[in-house]
Every structure is written in C-alpha cells, then in structure tokens.
Amino acid sequence: MATDLTRLIKKYANRRLYDTVDSKHVTLSDIKGFIVAGETVRVVDDTTGDDITRALLLQIIVDQEQSGEPLLSVTLLAQLIRFYGNPMQAMMTDYLQNSVDAFVEQQQSIQDQMQRMLTTNPLDMMQKNMDMWQSMFGGKKPDDPTKP
C-alpha cells in the first residue's frame, strides 16, 4: 500500500543497506518491493550523507534487465545513450516522464473499469444493456432471433 512516508535507507561503508523505518537491514530486492508497493524510497550514503537513490535504482533496473524478460531493448538503450549531452536531453527527460505518467494513468483507468465490471451485478448490467438497446431503437425491442 502506498504511503506519504519517504522510506530512508542508509548505505554503510560495508555496502549493507539499513531501513530506518523498520530498523533492519534490507536487500535490493526488499527495496524493489517497497517501490513496487508504491512507497517513496530515498537512499543516502551514511558516511558522506550524499543522496545515492538514482544509483541504487539504476542498479535495481540493471538486475531486472539481466534476469527474465527485459523491459528496455538494446535499440532503446542505444537511443537513450545518444541523448546524453545532446541539447534535447532535458526535453527527452520530460517526454519520457510524461509518457510513463500517461501510461500509468491509462493502466489505472482500465483496472478501475475492470474492477467496476467485476463488482457490478450481472442482472443490473443486463438491464442497462436492454435499456440502451431500447433507447437506440426508439423503444422497440429487438427481433427474437429464435422466431422465423
């Protein structure tokens, strides 16, 4: 479940990761689980205090890309590399973020529609369909396909 809490993870010199919310050591897999659950994660180097969240998230992506079905094709990765240092880099960043945001929004909308369909009483749905059919044909009922 998503929360407004930012989960602070500290990375120690021995490369161990410590979750300050649950007060325990965690793995990259645990951090991936937090993110999949919708939590915001921030990772800092315990020695320097530097925010190393991006580096850790990239490490999680690399691990995911190497196992199972990759999300990022070689062609896409090469195209992304070409944008680094390019005057269009900032625009590409915004474009990618907006595209992923729109995709997530559409996915959520479809999931919400499916949930409504699954929780709607089938008889209610059938009545709505009949009402719509009758309104389309001016109150006439459709011909009975079983009658010649």
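The values are calculated or read from the model by the stated rules, or taken from the named source; none is laboratory data. These numbers come from a predicted model, not from an experiment. Counting neighbours? That spans all protein chains shown, and the Cβs are built from the backbone with ideal geometry, glycine included. Note: areas computed on protein heavy atoms with side chains; ligands, DNA, RNA excluded. Shrake-Rupley method; radii C 1.70, N 1.55, O 1.52, S 1.80 Å.
The table for this structure:
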item: Test: residue in segment 93-116 that is farther than 19 Å from residue 58 by Cα and outside any helix (DSSP H, G or I); result: no
item: Failed item in (1) among the hydrophobic types (A, V, I, L, M, F, W, C); (2) part of a helix (DSSP H, G or I); (3) more than 27 Å from residue 95 (Cβ to Cβ), with residue 57 passing the rest; result: (3)
item: Residue count, segment 117-134 (criterion: open to solvent by less than 90 Å² (accessible area, probe 1.4 Å), in a helix (DSSP H, G or I) and of a type outside the set (A, V, I, L, M, F, W, C)); result: 4
item: Lone qualifier among 97, 107, 113 - being under 18 Å from the mean Cα position of the chain (by Cα), more than 30 Å from residue 9 (Cβ to Cβ) and open to solvent by 70 Å² or more (accessible area, probe 1.4 Å); result: 113
item: Cβ pairs under 7 Å, 6+ apart, first in segment 119-138 and without any contact (Cβ under 8 Å) to a residue 40 or more places away in the chain, second loosely packed, with under 11 Cβ neighbours inside 10 Å; result: 133/142; 134/141
item: Hey, residue 87 out of contact with any strand residue (DSSP E or B) (no Cβ under 8 Å at 6 or more places or on another chain), exposed (fewer than 10 other Cβ atoms within 10 Å of the Cβ) and either on the phi < 0 side of the Ramachandran plot or part of a helix (DSSP H, G or I) (or both) or not; result: yes
item: Qualifying positions in segment 61-72 - farther than 17 Å from residue 31 by Cα, out of contact with any helix residue (DSSP H, G or I) (no Cβ under 7 Å at 6 or more places or on another chain) and surrounded by 10 or more Cβ atoms within 10 Å (Cβ to Cβ); result: 70
item: Residue, nearest to residue 59 (Cα to Cα), within segment 9-25, restricted to residues that are outside any loop (DSSP other than H, G, I, E, B) and open to solvent by 70 Å² or more (accessible area, probe 1.4 Å); result: 25
item: Residue match in segment 37-51 (condition: among the polar types (S, T, N, Q), exposed (fewer than 11 other Cβ atoms within 10 Å of the Cβ) and more than 23 Å from residue 71 (Cα to Cα)); result: yes
item: Checklist (1) over 16 Å from the mean Cα position of the chain (by Cα); (2) of a type outside the set (S, T, N, Q); (3) under 15 Å from residue 6 (Cβ atoms); (4) part of a helix (DSSP H, G or I) applied to residue 31, failing item; result: (1)
